[in-house]
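Notes follow once the structure below has been shown.
The values are calculated or read from the model by the stated rules, or taken from the named source; none is laboratory data. Bear in mind that the values here come from a model prediction, so they are computed numbers and not experimental data. All Cβ positions, even for glycine, are placed from backbone atoms using ideal geometry, and neighbour counts span all protein chains on display.
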Amino acid sequence: MDESNATCGKRLASIGLENTEANRQAYRTLLVSAPALGQYVSGAILFEETLYQSTIDGKKIVDVLVEQGIVPGIKVDKGLVPLAGSNDESWCQGLDGLASRTAAYYQQGARFAKWRTVVSIPNGPSALAVKEAAWGLARYASIAQDNGLVPIVEPEILLDGEHTIDRTFEVALKVWAEVFFYLAENNVLFEGILLKPSMVTPGAEAKERATPQQVADYTLKLLHRRIPPAVPGIMFLSGGQSELEATLNLNAMNQSTNPWHVSFSYARALQNTCLKTWGGRPENVKAAQDALLLRAKANSLAQLGKYTGEGESEEAKKELFVKGYVY
């Protein structure tokens, strides 16, 4: 739920709705008020508007989440801008004023934060872009911890491109080595962070696709080589995978014992069928919430390695990748 208002507008436009605060409020109300959502979801990352927003019934969204047993979090980065001197790459802004903002977010009820930066394989990635991404994440994480928020560290390696799974693995090794070097340089407490990595997959336009077992093998190999066991949890992003694909890959990674809790932090791969089912119609709210709960339960089972894949809809199998996707 951390999409910017502009990105939320794209979601609403896909079902024929205007990007108004009332429509955003209606959709967010549908999500947070789904009965027993807290049985399957333990935290929700919010956009700043959502942190201060109420449901259509007048209850604070933060309070509704807490009543469900869901911990509220907040997206704190200010988006991507061109990185001068790079190979047409980006860097993430938002460090200015971050200390005061995180303190205010804590007072509003947030208990963790998220900062998303990206690495593009077709564009290199250049050493400059990787260093900038890692340094920004480390500074953010240190500031968040100083203000009582658990930082989620997210250097997303974009799916864009025709590269092989081996190339993704190679880049991921470099990225996470840099990230943990600068986390240590900035005195970040590893036991007090969560990671939100990309799964190791081929590029979205690659000729050869990977099976869930291949994705699990490469991804776990990466994690074992780069992620200290002091880190308590790894919450994968879906990054444009289909709902079904994201769940199958997560389930495959939980067939063995891991030193970290390996779970999910999905947006599109959790909400797509729900959004399409709702369609902006009040009479469809219950059916849409049922679709959300079905997806949430599937991923909850997958993080235990107990997902079977039974009863999946055709909508859940649809590819969600968008080239050049921007939050």
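Data overview
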{"read-out": "Any chance V188 is without any contact (Cβ under 8 Å) to a residue 40 or more places away in the chain and crowded, with 21+ Cβ neighbours inside 10 Å", "value": "no"}
{"read-out": "The range 64-102 - residue that is within 20 Å of the chain's Cα centre (by Cα) and among the basic types (K, R) and, of those, nearest to P35 (Cα to Cα)", "value": "K75"}
{"read-out": "Restricting the range 1-22 to residues that are of a type in the set (A, V, I, L, M) and either under 15 Å from F47 (Cα atoms) or buried (at least 17 other Cβ atoms within 10 Å of the Cβ) (or both), the residue that is modelled with the lowest pLDDT", "value": "M1"}
{"read-out": "Leading residue by the ranking (modelled with the lowest pLDDT) among those in the range 82-129 that are crowded, with 16+ Cβ neighbours inside 10 Å and among the polar types (S, T, N, Q)", "value": "N123"}
{"read-out": "Single condition Y105 does not satisfy, out of (1) under 17 Å from V179 (Cα atoms); (2) under 20 Å from the mean Cα position of the chain (by Cα)", "value": "(1)"}
{"read-out": "Qualifying residue in the range 3-15 (condition: of a type in the set (D, E) and touching a residue at least 24 places away in the same chain (Cβ under 8 Å))", "value": "yes"}
{"read-out": "Residue in the range 222-280 that is surrounded by the most Cβ atoms within 10 Å (Cβ to Cβ), counting only those that are over 21 Å from R116 (Cα atoms) and among the aliphatic types (A, V, I, L, M)", "value": "M253"}
{"read-out": "Residue check, I61 free of Cβ contacts under 8 Å to residues at least 60 places away in the same chain, touching a helix residue (DSSP H, G or I) at 6+ places or on another chain (Cβ under 7 Å) and surrounded by fewer than 21 Cβ atoms within 10 Å (Cβ to Cβ)", "value": "no"}
{"read-out": "Qualifying residue in the range 159-173 (condition: at pLDDT 95 or above, out of contact with any Leu (no Cβ under 8 Å at 6 or more places or on another chain), closer than 18 Å to C92 by Cα and not hydroxyl-bearing (S, T, Y))", "value": "no"}
{"read-out": "Of all residues in the range 234-262 being in a strand (DSSP E or B) and free of Cβ contacts under 8 Å to residues at least 60 places away in the same chain, the one that is farthest from I157 (Cα to Cα)", "value": "H261"}
{"read-out": "Unique residue being more than 26 Å from W135 (Cβ to Cβ) and modelled with pLDDT under 95 when the list is A216, A204", "value": "A204"}
{"read-out": "Helices (runs of 4 or more DSSP H) wholly inside the range 93-202 that include at least 2 residues being in contact with a Ser or Thr (Cβ under 8 Å, 6 or more places away or on another chain) and not acidic (D, E)", "value": "127-146, 165-185"}
{"read-out": "Residue within the range 301-323 that is modelled with pLDDT of 95 or more, among the small types (G, A, S), closer than 29 Å to I56 by Cα and surrounded by 14 or more Cβ atoms within 10 Å (Cβ to Cβ) present", "value": "no"}
